[in-house]
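Chemist: Handing you a structure now.
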Amino acid sequence: MSSYIDRKEIESLSIVDFLARLGHFPVRKSGREYFYHSMLRDTTKNTPSFTVWDEGGKWIDRGGPNHTGIFGGGIIQLAKAYWPSLSYFEILQKIQNTFDQIAKPDKPKFEIPEKLFKQEDNGYLLEFSHKQQLGTNYVLSKYLEKRGIKDVALGHIWEVYFTNKAYLDPNKIFYGLGWQNRLGNWEVTNPKGFKGSIGTKDISVIPGGKDHVVIFEGFMDYLSWLKLVVPTDVPTVIVLNSVIMVDRAKSLLSHVKIIDLFLDNDDAGKQCTSILRRAFPFAKDCHHEYSGFKDYNDKLMDLLKRQQLSTEYDVKSKPLFKNSR
């Protein structure tokens, strides 16, 4: 094979085809987008976070980057994240060899039949229907109880009801736990592991002291911290809602004196922590507070289980951890 490889030709190759030759198939297709479980990170396989727009030659892992720091781009960036030890030229060779030497599968193997979804090329798939205070939906209440935050969730989280244009019946009402982001749109999750946004995704900001900001990856981690620490001097809280939102958080931190980081103990969380500490060297990495656990909520659930505490435990009169703030 000639040592010359045309980069533009490589960039024009199908990402879906490339992944199929490597043994990775979408779990579903909606409109022009293919949805995969991430092949770049260890995941629980609950919700597909890796999306490919094949016509445009682009991909994004909404769950965040692996240790390479790459979470989106074209086929070359995907290969760099997939084979991080290879040089640039070796990566081009590897892509070329994948197409030259590995047979193309006959058709995509969808884990969820494509016929369950209809095409929707324009606009957002999820549409807000209505919200209700916590307590009316038994399934959601039990889920919050399981996560150990039912007693602190009221006023922070709502029962949110919505429709999904990608579903065969676009009028079917779905439900989940929701909280608003900075744009006033809803971030939604449910007990089955679904995570999504109704409208444009963004960070969530809970106003507090202007000189002190604490940053969490997920909203349930924030509520777990609120329950366990019971802060007396309430700082401003930023919930990223996804590590890919880290740059939006950075834009709010230029005049902040104290920054505490409570990001997940996984590759994506550690990478995000590194990004923030490079930009703000005085920022404090607080992951030691839940060392041995993925995040603050895992720590809380384990503590409640071991001590056999009720989720209705009065943490204000008898906090589980002494307040060190």
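The values are calculated or read from the model by the stated rules, or taken from the named source; none is laboratory data. The structure presented is a predicted model; accordingly, all values stated were derived computationally and were not measured. All Cβ positions, even for glycine, are placed from backbone atoms using ideal geometry, and neighbour counts span all protein chains on display.
Chemist: Report whether or not LYS107 is in contact with a Phe, Trp or Tyr (Cβ under 8 Å, 6 or more places away or on another chain), surrounded by fewer than 17 Cβ atoms within 10 Å (Cβ to Cβ) and either modelled with pLDDT under 90 or outside any helix (DSSP H, G or I) (or both). Working first, answer last.
Modeler: Working: in contact with a Phe, Trp or Tyr (Cβ under 8 Å, 6 or more places away or on another chain): no; surrounded by fewer than 17 Cβ atoms within 10 Å (Cβ to Cβ): yes; either modelled with pLDDT under 90 or outside any helix (DSSP H, G or I) (or both): yes.
In short, no.
Chemist: Shifting gears a bit: Where in the range 171-282 are there strands (runs of 3 or more DSSP E), lying wholly inside it, with at least 3 residues that are touching a Phe, Trp or Tyr at 6+ places or on another chain (Cβ under 6 Å)?
Modeler: Filter on the range 171-282 gives 174-180.
Chemist: Something else now. Please go through the range 158-188 and give me each residue that is without any contact (Cβ under 8 Å) to a residue 24 or more places away in the chain, closer than 22 Å to ARG28 by Cα and either under 18 Å from the mean Cα position of the chain (by Cα) or crowded, with 18+ Cβ neighbours inside 10 Å (or both), ordered by number.
Modeler: Listed by number, the list is empty, since nothing qualifies.
Chemist: Additional query: Being within 30 Å of LEU226 (Cα to Cα) and either in contact with an Asp or Glu (Cβ under 8 Å, 6 or more places away or on another chain) or hydrophobic (A, V, I, L, M, F, W, C) (or both) is the filter here, so list the residues in the range 145-175 that pass it.
Modeler: From the range 145-175, those within 30 Å of LEU226 (Cα to Cα) are 145-162, 174-175; that's our starting set.
Correct list: ILE149, LYS150, ASP151, VAL152, ALA153, LEU154, ILE157, TRP158, VAL160, PHE162, PHE174, TYR175.
Chemist: Next up: Given the conditions (1) touching a strand residue (DSSP E or B) at 6+ places or on another chain (Cβ under 7 Å); (2) under 25 Å from TYR36 (Cβ atoms), and given that VAL256 satisfies all but one, which numbered condition is not satisfied?
Modeler: (2)
Chemist: A further question follows. Right, LYS195: more than 18 Å from ASP221 (Cα to Cα) and within 22 Å of the chain's Cα centre (by Cα) or not?
Modeler: Spelling it out, it is not the case that LYS195 is more than 18 Å from ASP221 (Cα to Cα) and within 22 Å of the chain's Cα centre (by Cα).
Chemist: Can you work out which of the residues in the range 295-311 that are at pLDDT below 90 and not in a helix (DSSP H, G or I) is farthest from HIS212 (Cα to Cα)?
Modeler: Within the range 295-311, the match that is farthest from HIS212 (Cα to Cα) is GLN308.
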